[in-house]
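Here, each number is a calculation from the coordinates, and none is a lab measurement. As the structure is a prediction and not an experimental result, all values here were calculated from the model. Using ideal geometry, Cβ is built from the backbone for each residue, glycine included, and neighbour counts are taken over all protein chains shown.
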Amino acid sequence: MKAMVLAAGLGTRLRPLTGSISKPMAPIVNRPVMWHILRLIKQHGYTQAVANLHYHPHAITNYFGKGQKVGVQLSYSLEPELLGTAGGVKRVQKFLGDETFLIISGDALTDIDLTRLMEQHRESGGIATLALKRVEDPSKFGVVILDKTNRVVGFQEKPAPGEELSNLCNCGIYIFEPAVFDYIPKDAFYDFGKQLFPEFVEKSIPFHGFEIDGYWNDVGSLEQYRIGNFDALTGKVRVEISGKERSPGIITGKGTRVDSTARLEPPILLGDYCTVGKDVRLTGPLIIGDHSVIEDGAALEGVIKWHASQTGAGAKVMGGIIGRGAHIRDEVHIHDRVVVGDRCVIGAGSVLDEAVHLEPFTVIEADSHVQD
């Protein structure tokens with residue numbers, strides 16, 4: 001079976017984390033979110049996939065190559081100009097061929113039963129089936145209105161509280177019949193939610209929604225990104241985590257060294273080849289990327305640190321997200337909800353107040369006090 005992974009978005013809602021990578025490459029428990037999506041489709045029998053690319057495409061192609069890491073034959077469709085969700089699919093019509101196929105977002109976190117979704121699609125007999133998730137606050141999402149047979153009869157885009165006609169949101173996961181290509185213009189921007197699906201409703205073309213039971217997180221904000229990581233760490237979403245459990249709730253990768261005087265309170269994930277110094281205090285939930293260094297006397301709590309970041313001696317990082325290659329020097333204090341972009345340098349003795357966001361490559365001089 002074949003699938004298309006939508007991976008061309010700009011990821012603007014995750015800035016500054018996406019200042020130097022695309023959103024599908026944002027790590028969840030130390031692997032790109034797109035890695036988890038590709039592993040999911042493999043588990044459900046999809047052996048070939050194509051991903052559309054636009055923003056920082058080489059980060060994706062260099063990491064995944066032809067898909068050997070995930071066990072899926074992977075190819076790419078580069079879009080110099082964005083074509084929209086449906087337009088991007090039309091561009092790879094030849095690859096998808098004349099069989100029923102899957103479309104799935106490459107930048108959301110989910111463990112839904114794709115096999116059951118396909119079964120539901122075949123039972124319904126429509127041109128498309130949309131995976132839907134019931135949400136508590138529909139005002140943050142586009143919602144889908146179904147009739148009693150689960151046929152889609154309408155949409156609402158982020159309805160005001162109390163005005164929603166449904167609380168089923170569109171997960172960006174679809175099963176399509178190849179007949180869908182007849183409704184998508186060639187070489188033009190075209191969107192599923194704003195153009196194609198409303199056209200189906202207007203023309204009374206049958207398509208259906210299916211409410212999923214599994215986990216789904218659109219990773220649509222920095223807070224949802226944080227939640228997704230910690231949900232994965234604590235088993236609320238079924239994903240593969242690399243490493244061995246050295247003690248209950250403490251997972252470490254290969255080559256990682258933890259000093260005997262360090263205090264670790266789970267849940268914690270330490271990636272490969274990390275170094276944790278003397279008298280360090282790590283309090284979970286906590287995720288540390290590969291090749292990271294935490295020097296003597298540092299304290300971290302509720303933090304997500306990306307690949308190859310360094311935390312200096314005596315530094316305190318209480319919440320927040322630290323990008324790749326960032327260097328937090330000695331005695332720095334970082335407060336909750338701070339986001340530090342890739343390869344930033346925070347000078348010794350500096351203080352970053354709550355909710356400060358630093359774009360990639362920012363340099364903060366020693367003994368600075370940075371406020372939001």
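A few remarks follow.
- Radius 13 Å from Cβ of Gly325, net charge of other residues (Lys, Arg +1; Asp, Glu -1): +1
- Cβ-defined net charge surrounding Pro360, 10 Å radius [Lys, Arg +1; Asp, Glu -1]: +1
- Residues in region 130-147 that a label on Leu82 would reach, taking backbone N under 18 Å of a point 7 Å out along Cα→Cβ: 141-142
- Overall dimensions of region 244-370 as given by Cα atoms, namely Rg and Dmax in Å: 13.2, 40
- Residues listed by number, region 310-342, amide nitrogen under 20 Å from Glu265 label point at 7 Å toward C-beta: 314-321, 333-338
- Listed residues Leu168, Phe155, Val276: farthest to the positive end of the dipole of the chain (Cβ charges): Val276
- Global form of region 21-126, assessed from the alpha-carbon gyration tensor, a/c cut-off 1.5: oblate
- Crossing angle, helix 222-233 versus the chain [Cα axis fit, 0-90 degrees, rounded to tens]: 80
- DSSP bridge pairs, region 2-233: antiparallel proportion in percent, nearest 5: 50
- The chain: translational diffusion in µm²/s, Stokes-Einstein, Kirkwood Rh over Cα pairs, 10 °C, 1.306 mPa s: 73
- Annotation: the antiparallel percentage among DSSP beta bridges lying fully within region 244-370 is about 5.
- Which listed pairs, of Lys23/Lys236; Lys2/Lys254; Lys69/Lys305; Lys42/Lys244, have C-alpha distances above 25 Å, in listed order: Lys2/Lys254
- Normalised contact order of the chain, rounded percent, pairs of Cα under 8 Å and 6 or more residues apart: 12
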